[in-house]
Amino acid sequence: MLLVYLSASTLYLLILAVFYFISKERKLNFSPTINHFAVIVPAHNEELLVGYLCRSLLKVNYPQKKFDIFIVADNCNDNTVEVCKQYPVSILERHDPDNAGKGQALDWALRTIDLDRYDAVFMVDADNYVDQEILIELNKFINSGEQAIQCYNAVGNRDDSWFTQLLFVSRTIGNLLYHEAKFRLGLSSYLMGNGICFHAGLLRERGWTAFSVGEDWEYYAQLVESGIMVGFASRAKVFHQESRSLNQATSQRLRWSSGRFKVSKTLGLRLIVKGIRERNWKIIDASFPLIFPNYSLQINMTLAGLILSLFIFSTTSFYLLSFAFLLGGQFLLFIMGSFIAGSPLKIYRAVLYAPVFLAWKLVIDILSFTGLYQGKKWICTKRIK
């Protein structure tokens, strides 16, 4: 069963990657309408980076009267509010420590802001900066009828360390060889919790209804269940200020991983059953991000299968050769991502640390999957001042 599962997930990724290289960018319907955006920034103790995001948002190439910035300072006990007061943005302070969480903060913000004034809502995390053309690109998608849109999530500090180099390649694979390929095929992307945009009518109708640690995965599954697919805007880029080391990234990854596994256990199977019953291929496909392992876990599981085969079977066994073949396919995917990412010498030097990265990620996935780690709803990632 493990071999079948990994074969299906690996083949799926490779098919999408090949399609990306042989297909053309999907054209959107043209409309001259300039939509009014509410830009919502959920922030919990982000004094170090939120100012950089504010400056970035205020420089976007879009009519200033057509977007408003709301900083949702949620249960902050640092200088986040003081930093934001230096900029022409609206600050929404929320103090509810007994009901903390990013999902709770978004729900509160959407009920506080008058959404009737807006055509679209763009949400971006406080530790990011954005491309100057981002609202122009999202405006095109809203005008094309998209209800939910995931932006291109890039690493903004690629050259900081070997860790950020590897994450840059991983994000390149995810954004282009996965999300963009799916969008070109007319399939749904999934929400990554950052750089997401919605038609205001959708949020007026349903609000924010996901409150688990994996609020992005949960809301994504809810949307698909109600027949709403997620588009992908490859030219609408948000740049995440990634952690520079494993130590900085651990708490954040534990929360993300535990959130995903919890949603996968509760909603992943339900989605694929719904798709099969309704004979709806788009829903079946939309369940795959919840059912299939992420890229690093896929590699770790394949390595585990390969090692077990070495001990149990002969060196020429079908299982051993199959796992080796799958590992080769996964490596090919990395080569594709490296080719698109550019700067190959920097990447190859970072690859020397890949065993350390995979071991670290395996521990995180085991702790999250088994429930040994109980994720906190919202914690601030450690940063170097």
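The values are calculated or read from the model by the stated rules, or taken from the named source; none is laboratory data. These numbers were taken from a predicted model, which means no experiment stands behind them. So basically every Cβ, Gly included, is an ideal-geometry build from the backbone, and we count neighbours across all protein chains shown. Remember, those area values only see protein heavy atoms, side chains included, never the ligands or the DNA or RNA. Shrake-Rupley method; radii C 1.70, N 1.55, O 1.52, S 1.80 Å.
Spin-label model, Arg117 to Arg349: label points 7 Å out along the Cα-to-beta-carbon direction sit 4.9 nm apart. Short-range pairs are left out: with C-alpha atoms under 8 Å and at least six residues apart, the relative contact order of the chain is 21 percent. Take each peptide in 326-334, 111-119, count the other Cβ atoms within 10 Å of every residue, and average; sorted highest first, the result is 326-334, 111-119.
Counted residue by residue at 0.36 nm each, then reduced by the alpha carbon distance between them, the extension gain from Ile291 to Ser226 reaches 21.5 nm. For Lys66, Lys182, Lys282, Lys24, the ranking by accessible surface with the largest value first comes to Lys24, Lys282, Lys66, Lys182, using a 1.4 Å probe.
Taking a ≥ b ≥ c as the square roots of the eigenvalues of the Cα gyration tensor, an a/c ratio of 1.5 or more together with a/b larger than b/c marks the chain as prolate.
Measuring from label point to label point, each 7 Å out along Cα→Cβ, what is the Lys65 to Tyr12 span in nm? So the two model labels end up 4.8 nm from each other. Taking other residues whose beta carbon is less than 10 angstrom from the beta carbon of Ala210, and scoring Lys, Arg as +1 and Asp, Glu as -1, yields -3.
Remark: accessible surface ordering of Lys65, Lys274, Lys265 (largest first) is Lys65, Lys265, Lys274, probe radius 1.4 Å.
Extension gain for Asn157 to Asn99 (0.36 nm times residue separation, less C-alpha to C-alpha distance): 17.6 nm. Springs between Cα atoms under 10 Å define the GNM used for the chain, and in it the highest mean-square fluctuation of Leu49, Leu110, Leu352 occurs at Leu352. Rounded if a/c is under 1.5, else prolate if a/b beats b/c, else oblate: with a ≥ b ≥ c from the C-alpha gyration tensor eigenvalues square-rooted, which is the stretch 207-246? Note, shape of the stretch 207-246 comes out oblate. Of all beta bridges DSSP finds with both residues in the chain, what is the antiparallel percent, to the nearest 5? Percentage antiparallel, nearest 5: 30. Note on Ile136 and Asn247: the model spin-label points, each 7 Å out from Cα along the C-beta direction, lie 4.3 nm apart.
A helix-only calculation puts the chain at -16000 deg cm²/dmol for mean residue ellipticity at 222 nm, using -39500 (n - 2.57) for each DSSP H run of at least four residues, averaged over all residues. Go ahead and run the numbers for FRET between Phe21 and Gln86, Cβ-Cβ distance against an R0 of 51 Å, rounding to 0.05. It comes out at approximately 0.65. I need the shape label for the stretch 65-170. Rule: rounded when a/c is under 1.5, else prolate if a/b > b/c, else oblate, with a, b, c from the alpha carbon gyration tensor. Note, shape of the stretch 65-170 comes out oblate.
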